[in-house]
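Note sheet for the following structure.
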Amino acid sequence: MSLKPTPQNGSTLRHDWTIEEILAILDLPLNDLLFRAQTAHRVYFDPNRVQVSTLLSIKTGACPEDCGYCAQSARHDTDLERAPLLSLDQVMNAARTARDQGATRFCMGAAWRSPTDKNLEPVIAMIRGVRELGLETCVTLGMLTAAQARRLKDAGLDYYNHNLDTSPEFYGRVVTTRSFRDRLDTLDHIRAVGLKTCSGGILGMGESRRDRASMLRQLANLPGHPESVPINLLVRVEGTPLFDAASLDPFEFVRVIAAARVLMPASYVRLSAGRNEMSDELQALCYLAGANSIFYGERLLTTPNAEADRDRTLLARLGLTFEEVGPARTDPGACHKRAPSASIFADG
Ligand code: SAM
Ligand code: DTB
Ligand code: SF4
């Protein structure tokens with residue numbers, strides 16, 4: 001009797017997906033799609049545990065890029081209050097609070113197109129400090145050179161977040177100051193030095209279902225699946241070009257979460273921005289579809305997140321528990337992820 005991941009139980013790791021195959025997954029009757037997603041989820045993870053990360057904007061606004069969704073672009077007229085790089089003390093205080101509230105990963109974001117080598121010095125001190133608190137570290141600082149990725153790895157960074165955001169075909173409609181290829185290049189540098197990759201996208205920017213399939217294909221066909229895949233629902237910020245974007249059908253959001261789980265079964269799929277606008281029932285459907293990570297705490301980077309109290313109550317109502325950082329710190333999921341061979345599925 002084999003207990004290995006199989007194509008039948010939907011949990012083998014593939015990197016050769018076609019858009020048509022992914023569209024066929026997105027098109028499944030919702031019950032069938034959720035069944036496939038749950039099947040894949042249970043091969044690699046305890047389905048009742050949720051990884052919890054807290055975000056902090058360490059440098060806010062005045063970004064030269066023109067990302068159509070982002071409050072922090074200097075090119076958009078938003079109410080955002082700009083702020084220079086936070087001090088180490090400010091970051092450490094926020095990280096301690098996050099840890100005391102149950103977060104296991106602390107993600108620091110800076111509104112840079114690409115950091116200078118000098119910019120990295122204080123960030124490296126923050127990474128070292130946050131690690132000493134026993135938290136996993138993630139930073140998102142914009143485009144990196146290969147040498148900068150190496151410096152961050154040597155400093156002990158765990159994850160680098162760099163989202164593909166949307167499909168290569170739709171990308172130019174959202175951002176014009178850099179290319180989709182630039183995003184892939186930074187992901188290559190991150191992976192090459194052994195940093196864990198956090199990469200996903202944003203839904204609800206006016207993209208088509210085919211674009212959503214194409215973005216998922218880009219993520220799933222990377223040489224290694226990103227260890228963490230954030231799926232954001234656009235937070236419509238007044239003053240940004242996408243403020244008036246049409247609302248996305250909530251079930252479409254659930255479908256993309258489920259498809260991400262099927263395509264990248266061993267990755268954390270994060271139900272990311274946009275939860276503040278979602279009902280408890282919609283969030284529950286996302287967990288059912290295979291989401292197993294959230295941003296936790298009152299703020300995302302510049303916009304409000306779901307309240308921590310509301311999250312604690314919802315997770316308790318659903319019988320979900322916070323994942324803890326275990327002894328296997330270099331492989332954060334190791335102590336809670338099921339080994340594939342312990343799958344509940346037997347094919348013989
Ligand atoms: N400047 C860096 C960069 O662009 O990679 C890091 C910070 S940037 C704010 C990180 C990610 O946040 C973006 O790639 C995007 O996916 C997400 N994001 C930004 N604004 C958003 C919004 N209004 N709604 C949803 N996601 C958003
Ligand atoms: C990700 O995928 N989403 C986070 C994090 N990675 C950096 C950011 C969401 C930002 C939402 C809008 C804001 O708060 O500015
Ligand atoms: Fe700048 Fe990042 Fe916002 Fe784009 S998403 S404007 S790069 S902070």
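When the range 93-121 is filtered for residues that are over 21 Å from the mean Cα position of the chain (by Cα) and farther than 25 Å from Asp185 by Cβ, the ones remaining, listed by number, are Asn93, Arg96, Thr97, Asp100.
When the residues of the range 105-155 are filtered to those that are of a type in the set (Val, Ile, Thr) and more than 16 Å from ligand 2 (Cβ to nearest atom), which remaining residue is surrounded by the fewest Cβ atoms within 10 Å (Cβ to Cβ)? That would be Thr116.
Among the residues of the range 201-230, those that are buried (at least 19 other Cβ atoms within 10 Å of the Cβ) and out of contact with any Leu (no Cβ under 7 Å at 6 or more places or on another chain) comprise Glu207, Asp211, Ser214, Arg217, Glu227, Ser228, Pro230.
Within the range 243-256, the residues that satisfy the criterion of being over 19 Å from Asn305 (Cα atoms) and within 16 Å of ligand 1 (Cβ to nearest atom) are Asp244, Ala245, Ala246, Glu252, Val256.
Screening Val52 against (1) modelled with pLDDT under 95; (2) β-branched (Val, Ile, Thr); (3) more than 13 Å from ligand 2 (Cβ to nearest atom); (4) farther than 26 Å from Asp309 by Cα leaves a single unmet condition, (4). Checking each residue in the range 231-255 for being basic (Lys, Arg) and either open to solvent by less than 30 Å² (accessible area, probe 1.4 Å) or part of a loop (DSSP other than H, G, I, E, B) (or both) picks out only Arg236. Take Ala306 and decide whether it is open to solvent by less than 40 Å² (accessible area, probe 1.4 Å), free of Cβ contacts under 8 Å to residues at least 60 places away in the same chain and over 27 Å from Arg36 (Cα atoms). So Ala306 fits the description; yes.
The residues of the range 88-109 that are within 16 Å of ligand 3 (Cβ to nearest atom) and either among the β-branched types (Val, Ile, Thr) or touching a helix residue (DSSP H, G or I) at 6+ places or on another chain (Cβ under 7 Å) (or both) amount to a single one, Met108.
The values are calculated or read from the model by the stated rules, or taken from the named source; none is laboratory data. Note that this is a predicted model, so its numbers are computed, not measured. As a convention, Cβ positions derive from the backbone with ideal geometry for all residues, glycine included, and neighbour counts pool all protein chains shown. Note: areas computed on protein heavy atoms with side chains; ligands, DNA, RNA excluded. Shrake-Rupley method; radii C 1.70, N 1.55, O 1.52, S 1.80 Å.
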